[in-house]
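Quick notes on the structure that follows.
The values are calculated or read from the model by the stated rules, or taken from the named source; none is laboratory data. Nothing here was measured: the structure is a model prediction, and the numbers come from that model. Neighbour counts run over all protein chains shown; Cβ positions are idealised from the backbone, glycine included. Surface accessibility is based on the protein's heavy atoms, side chains included, excluding ligands, DNA and RNA. Shrake-Rupley method; radii C 1.70, N 1.55, O 1.52, S 1.80 Å.
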Amino acid sequence: MSAAAQDLNSPVHHFVDGKSFAGASTRFGDVLNPATGEVSKQVALASADDVRVAIASAQAAFPAWAATPPGKRAQVMFKYRELLLANMEELAVIVSSEHGKTIDDAKGSITRGLEVVEFTCGIPQMLKGEYSEAVATAVESYSMRQPLGVCAGITPFNFPAMVPMWMFPVAIACGNTFVLKPSEKDPSCSMRLAELMVEAGLPAGVLNVVNGDKEAVDTLLTDDRVQGVSFVGSTAIGQYIYETGCANGKRVQALCGAKNHMVVMPDADIDQAVDAVMGAAYGSAGERCMAVSVVVSVGDEAADQLIEKLAPRVKGLKVGPYTDPAAEMGPVITPESKARINGYIDSGVKAGAKLVVDGRDVTVAGHEGGCFVGGCIFDNVTKDMQIYTDEIFGPVLCIVRAKDYEEAIQLVNDHEYGNGTAIFTRDGDAARDFVGRVQIGMVGVNVPIPVPVAYHSFGGWKRSLFGDHSIHGPEGVRFYTRLKTVTTRWPSGIREGAVFNFKAGGEH
Ligand code: NAD
């Protein structure tokens, strides 16, 4: 049986040195089925010593893997791609049973991860350096990108397949070895992803998975053998990861929380905007860092038209477990998460926003204990309200009415987060102005969730990203490699004698 396909009596352990590893920790966490609210299995919470075993395995595997030609590393990725496709159904069920999202949504997210693997199949092209002949007489200069060493990845619950695959395929294709610490809320998918890497031909120790919580993370952040840390999760934790990792001499990228605004201009195609909001605000129950959680309508007319068409569709959303193929939206991750989201909805009502659609009392027959929250719409939201300032991470949409375009763009730019945004308009001039001036990392024009494809890079601005590199694509390759520049002179018979002073460019 695969390490991922475990039953209740057998906890999810770790994956180290190419095989399952129980570790010595006696601490365990509960993994829930969010559709029932019941505990479905347990996950081992690694001790610092357990994590050190994984780091040692990655450290031992590094020299041989770094010396493996990039073309051979790519061959493993080609095979891995085939295995992901062959195991898509099983992976989707693993994701949905622990996260709660619908099977189609789970498959979509695995496919986005698979596209990163496809990008890494071309890694020799990405690792090509630059070469200059004759930088001086008989002197050449060239650059190369070399792997960092052992890298670590710390990932959130909301994309248990895609986010780990934003990281380890790129890191590994670049010649690094990797220790992945997935969310303890849905750990099984990472275990299966690692098993499949070994099946694809990856040497033992190149990819390891440790399950756990703060103790595991802190060990990764402070161990001298770890050179680079990629984090995706909430802003408070991401800032801690960034500061602690940097203080310990590591290269760190921390992709964090979001509050994504969609600006609807008076000339927008309202039907297109309504379709866009439905998927972007309520897909995956709003548990996406690129979810649209705020619509800024420019003028009252756009808001009125939007709400008139949106409200009946949100009321009619089919909420249900992943086992119901008709479900459009699954549960949120835990009872605590449901209580937190409902608390925000209460606070919005108290603050004076108009709750046009209320999803607080949704129940699903046969799944009364499930963590379901129905779709919600708030109108007349203002920028001082907590439902506007905070990331709710649930199916709650805030509509803010701006008097004009300038007020709309100011709102987007003033918000502390800068992950994604979109403008819906038919006016090319307005769109161009928006794209140029908006202080956000990923921008859509009539595209509500502008997630870059795998061969571009994903990342926000402001408090949505700490560090200098976005993830996957060319920025991912830059993050997981160091630049080395070499200057060579071969004996040519030309003698300069000893030189004690710097000379102008080109003279060495
Ligand atoms: P989280 O910050 O609670 O957890 C992320 C990871 O950090 C997990 O592996 C967790 O075990 C670990 N962690 C939690 N508390 C810790 C602590 N005190 N010390 C050390 N490590 C700790 O995030 P989450 O709830 O799993 O995920 C949701 C968040 O992730 C949202 O804020 C969402 O916007 C964000 N997210 C961002 C992106 C992006 O690309 N910007 C993508 C997906 C999710």
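If the Cβ limit is 8 Å and pairs must be 6+ apart or interchain, which residue in region 240-251 that is open to solvent by 80 Å² or more (accessible area, probe 1.4 Å) pairs with which residue that is more than 12 Å from the ligand (Cβ to nearest atom)?
none
May I ask you to list the residues in region 457-497 that are over 43 Å from the mean Cα position of the chain (by Cα) and open to solvent by 80 Å² or more (accessible area, probe 1.4 Å)?
Across region 457-497, the qualifying residues are Arg489, Trp490, Pro491, Ile494, Arg495, Glu496.
Check region 161-175 and report whether any residue there is free of Cβ contacts under 8 Å to residues at least 40 places away in the same chain, open to solvent by 10 Å² or more (accessible area, probe 1.4 Å), within 16 Å of the ligand (Cβ to nearest atom) and assigned by TED's automatic domain parsing to the domain that holds Asn87.
The answer is no; no qualifying residue exists.
Only one of these conditions is not met by Val373: (1) more than 16 Å from the ligand (Cβ to nearest atom); (2) hydrophobic (A, V, I, L, M, F, W, C); (3) more than 30 Å from Pro474 (Cβ to Cβ). Which number is it?
Among (1) more than 16 Å from the ligand (Cβ to nearest atom); (2) hydrophobic (A, V, I, L, M, F, W, C); (3) more than 30 Å from Pro474 (Cβ to Cβ), the lone unmet condition for Val373 is (1).
Can we say Gly153 is touching a residue at least 12 places away in the same chain (Cβ under 8 Å), in a loop (DSSP other than H, G, I, E, B) and touching a strand residue (DSSP E or B) at 6+ places or on another chain (Cβ under 8 Å)?
In short, no.
Just checking, how many residues over region 91-143 are of a type in the set (Lys, Arg), touching a residue at least 12 places away in the same chain (Cβ under 8 Å) and open to solvent by 40 Å² or more (accessible area, probe 1.4 Å)?
Selection size over region 91-143: 2.
Look through Glu195, Glu215 and report the one residue that is out of contact with any Asp or Glu (no Cβ under 6 Å at 6 or more places or on another chain), surrounded by fewer than 20 Cβ atoms within 10 Å (Cβ to Cβ) and modelled with pLDDT of 95 or more.
That would be Glu215, the only listed residue that is out of contact with any Asp or Glu (no Cβ under 6 Å at 6 or more places or on another chain), surrounded by fewer than 20 Cβ atoms within 10 Å (Cβ to Cβ) and modelled with pLDDT of 95 or more.
Inspect all residues belonging to region 198-211 and state whether any of them is away from the ligand (no atom under 12 Å from the Cβ) and in a helix (DSSP H, G or I).
Within region 198-211, one or more residues are away from the ligand (no atom under 12 Å from the Cβ) and in a helix (DSSP H, G or I).
Return the only residue of Val263, Val294 being more than 19 Å from His99 (Cβ to Cβ), among the β-branched types (Val, Ile, Thr), in a strand (DSSP E or B) and under 21 Å from the mean Cα position of the chain (by Cα). First the steps, then the outcome.
Numbers: Val263 fails: under 21 Å from the mean Cα position of the chain (by Cα).
One residue alone meets the criteria, Val294.
A quick yes/no check of all residues on (1) among the β-branched types (Val, Ile, Thr); (2) away from the ligand (no atom under 16 Å from the Cβ); (3) open to solvent by 40 Å² or more (accessible area, probe 1.4 Å):
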position	(1), (2), (3)
Ile409	yes, yes, no
Gly436	no, yes, yes
Val443	yes, no, yes
Pro452	no, no, no
Phe502	no, yes, yes
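Filter region 379-393 down to the residues that are of a type in the set (Ser, Thr, Tyr) and under 27 Å from the mean Cα position of the chain (by Cα), then identify the one that is most open to solvent (accessible area, probe 1.4 Å).
Thr389
How do the helices (runs of 4 or more DSSP H) wholly within region 393-508 filter down when requiring 1 or more residues that are of a type in the set (Gly, Ala, Ser) and at positive phi: which remain?
The qualifying helices (runs of 4 or more DSSP H) are 473-479.
Out of Pro266, Pro325, Pro321, Pro312, which single residue is open to solvent by less than 20 Å² (accessible area, probe 1.4 Å) and more than 16 Å from the ligand (Cβ to nearest atom)? Lay out the reasoning, then the answer.
Numbers: Pro266 fails: open to solvent by less than 20 Å² (accessible area, probe 1.4 Å); Pro325 fails: open to solvent by less than 20 Å² (accessible area, probe 1.4 Å); Pro312 fails: open to solvent by less than 20 Å² (accessible area, probe 1.4 Å).
Testing whether each residue is open to solvent by less than 20 Å² (accessible area, probe 1.4 Å) and more than 16 Å from the ligand (Cβ to nearest atom) leaves just Pro321.
Filter region 17-48 down to the residues that are part of a strand (DSSP E or B) and acidic (Asp, Glu), then identify the one that is farthest from the chain's Cα centre (by Cα).
First, the residues of region 17-48 that are part of a strand (DSSP E or B): 19-21, 28-33, 38-44.
Of the ones still in play, those that are also acidic (Asp, Glu) are 30, 38.
Details: Asp30: 23, Glu38: 27 Å.
Filtering first and then ranking leaves Glu38.
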